[in-house]
1. Given (1) assigned to a helix (DSSP H, G or I); (2) open to solvent by less than 40 Å² (accessible area, probe 1.4 Å), where does SER202 come up short, assuming only one miss?
2. Give me the residue from the range 83-121 that is more than 22 Å from VAL252 (Cα to Cα) and more than 20 Å from the chain's Cα centre (by Cα) and, out of that set, most open to solvent (accessible area, probe 1.4 Å).
3. For the range 152-180, give me the residue count where each residue is small (Gly, Ala, Ser), under 13 Å from ALA108 (Cβ atoms) and open to solvent by 30 Å² or more (accessible area, probe 1.4 Å).
4. Of the residues that sit in the range 44-57 and are touching a Lys or Arg at 6+ places or on another chain (Cβ under 9 Å) and more than 17 Å from ILE315 (Cβ to Cβ), which one is modelled with the highest pLDDT?
5. Determine whether the range 260-282 contains at least one residue that is outside any strand (DSSP E or B), open to solvent by 50 Å² or more (accessible area, probe 1.4 Å) and among the hydrophobic types (A, V, I, L, M, F, W, C).
6. Would you check if there is a residue in the range 70-80 being of a type in the set (Val, Ile, Thr), surrounded by 22 or more Cβ atoms within 10 Å (Cβ to Cβ), under 18 Å from ASN322 (Cα atoms) and modelled with pLDDT of 95 or more?
7. What are the residues in the range 16-33 that are touching a Leu at 6+ places or on another chain (Cβ under 8 Å) and either open to solvent by less than 10 Å² (accessible area, probe 1.4 Å) or among the β-branched types (Val, Ile, Thr) (or both), if any?
8. Of all residues in the range 40-59, which are under 24 Å from HIS295 (Cα atoms) and in contact with a helix residue (DSSP H, G or I) (Cβ under 6 Å, 6 or more places away or on another chain)?
Amino acid sequence: MKIAFFDAKPYDRDSFDSVAKQYGVEFKYFETKLYEDTVDLAQGYDGVCVFVNDTVNAYVIDRLYEMGVKIVALRCAGFNNVDMKYAYGKVHVLRVPAYSPYAVAEHAMALLLTSIRRIHKAYIRSRDFNFSLSGLTGFDLHGKTVGVIGTGKIGKVFASICNGFGMKVLAYDKFPDKALAEGGNVEYVELSELFEKSDIISLHCPLSDETYHIIDDKVIESCKKGVVLINTSRGALVDAEALLEGIKSRKVGAACLDVYEEESDLFFEDNSGHILDDDVLARLISMPNVIVTSHQAFLTREALQNIAETTVQNIAEMLMKNKCPNELCYRFGETKDCKDGKCFD
């Protein structure tokens with residue numbers, strides 16, 4: 001089984017090579033991303049393995065189909081970069097629905113703590129032997145209200161971490177978790193109430209037409225003054241220009257971003273020797289109350305190993321059994337996990 005592996009990084013090769021031989025899967029690693037100009041590199045392969053910033057649009061899907069490529073194996077949970085409606089009946093799209101919810105949730109809390117306790121500023125100062133405390137005053141998390149949007153595996157872990165800090169947790173999800181609500185530590189509310197009452201808002205939902213720019217100028221205006229926003233999910237959940245204006249107007253007290261709406265040509269690469277053309281991102285990074293990390297919330301040893309194992313298992317199951325429980329299929333106007341192996345019916 002030969003798979004063309006796009007947007008490959010050294011940490012990918014380490015984790016995938018350790019698993020591939022067990023299942024008879026052979027990877028050819030390409031540093032380039034998958035998009036219209038690179039799709040022909042997949043000629044002669046059984047499938048492609050892609051990540052969050054690879055492009056699997058109608059053109060790419062057509063070329064894969066014409067070349068006899070049967071599988072698009074996502075090594076991530078999100079699939080907003082795949083035209084699922086167009087892929088239906090042409091290629092099997094597999095994903096990793098969960099790898100380490102702890103990795104992402106813990107990174108979200110790390111960003112929050114770093115921001116509100118000014119740890120990043122203190123670190124820079126102390127490197128210059130500046131031990132002044134001026135300007136480093138933070139605030140307690142205990143007793144604060146956090147709004148968690150999306151209570152899947154990651155959202156639930158983040159809520160649990162917040163409970164440990166003594167925070168009140170408000171939550172919103174299109175499909176509320178009854179058991180979570182009955183546990184007494186999380187209160188489900190409507191989005192409007194969550195925005196109005198939360199001191200901190202953390203996003204843990206997928207990107208869809210419904211959640212695109214779920215944080216926009218109107219939402220920011222409805223929030224508490226000084227609200228802290230955390231996004232470790234997908235960049236386009238937040239209108240970056242609206243966020244910038246919210247920070248400039250002092251409505252947003254801080255922003256902790258591991259993802260960015262226009263990240264695809266920037267993140268995962270060393271751009272330190274180049275002029276940044278994205279003025280919005282440049283201005284966000286320049287703000288003293290904004291922390292940006294480069295989509296690294298998933299990057300733990302445990303998560304990388306889980307991603308590699310699940311991705312390779314998905315590929316092996318699909319090629320050997322022609323079905324996989326982690327296949328995505330577009331049916332009845334929405335994308336769902338395939339449980340019966342009939343995604344092409």
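1. Going through the list (1) assigned to a helix (DSSP H, G or I); (2) open to solvent by less than 40 Å² (accessible area, probe 1.4 Å), SER202 breaks only (1).
2. Looking at residues that are more than 22 Å from VAL252 (Cα to Cα) and more than 20 Å from the chain's Cα centre (by Cα), I get LYS85.
3. Of all residues in the range 152-180, those small (Gly, Ala, Ser) come to 152, 155, 159-160, 164, 166, 171, 179.
Within this subset, residues satisfying the condition of being under 13 Å from ALA108 (Cβ atoms) are 155, 159-160.
Pick out the ones that are also open to solvent by 30 Å² or more (accessible area, probe 1.4 Å) and you get 160.
Residues meeting the conditions: 1.
4. Our first condition is that a residue be touching a Lys or Arg at 6+ places or on another chain (Cβ under 9 Å); within the range 44-57, this holds for 44-47, 49-55.
Among the residues that remain, those that are also more than 17 Å from ILE315 (Cβ to Cβ) are: 52-53, 55.
Numbers: VAL52: 89, ASN53: 89, THR55: 96.
The extreme case among them is THR55.
5. yes
6. Filtering the range 70-80 for residues of a type in the set (Val, Ile, Thr) gives 71-72.
Applying the additional criterion that residues be surrounded by 22 or more Cβ atoms within 10 Å (Cβ to Cβ) yields 71-72.
With the extra rule that they be under 18 Å from ASN322 (Cα atoms), the set shrinks to 71-72.
From what's left, modelled with pLDDT of 95 or more: 71-72.
For the range 70-80, residues of a type in the set (Val, Ile, Thr), surrounded by 22 or more Cβ atoms within 10 Å (Cβ to Cβ), under 18 Å from ASN322 (Cα atoms) and modelled with pLDDT of 95 or more: present.
7. Residues of the range 16-33 that are touching a Leu at 6+ places or on another chain (Cβ under 8 Å), as a first pass: 30, 32.
Within the range 16-33, THR32 is the sole residue that qualifies.
8. Taking the range 40-59 first, the residues under 24 Å from HIS295 (Cα atoms) are 48-57.
Within the range 40-59, just VAL48 meets the criteria.
The values are calculated or read from the model by the stated rules, or taken from the named source; none is laboratory data. This one's a predicted model, so the numbers in the text were calculated from it and none came from an experiment. Counting neighbours? That spans all protein chains shown, and the Cβs are built from the backbone with ideal geometry, glycine included. Heads up: the accessible areas ignore ligands, DNA and RNA and are worked out on the full protein's heavy atoms, side chains in. Shrake-Rupley method; radii C 1.70, N 1.55, O 1.52, S 1.80 Å.
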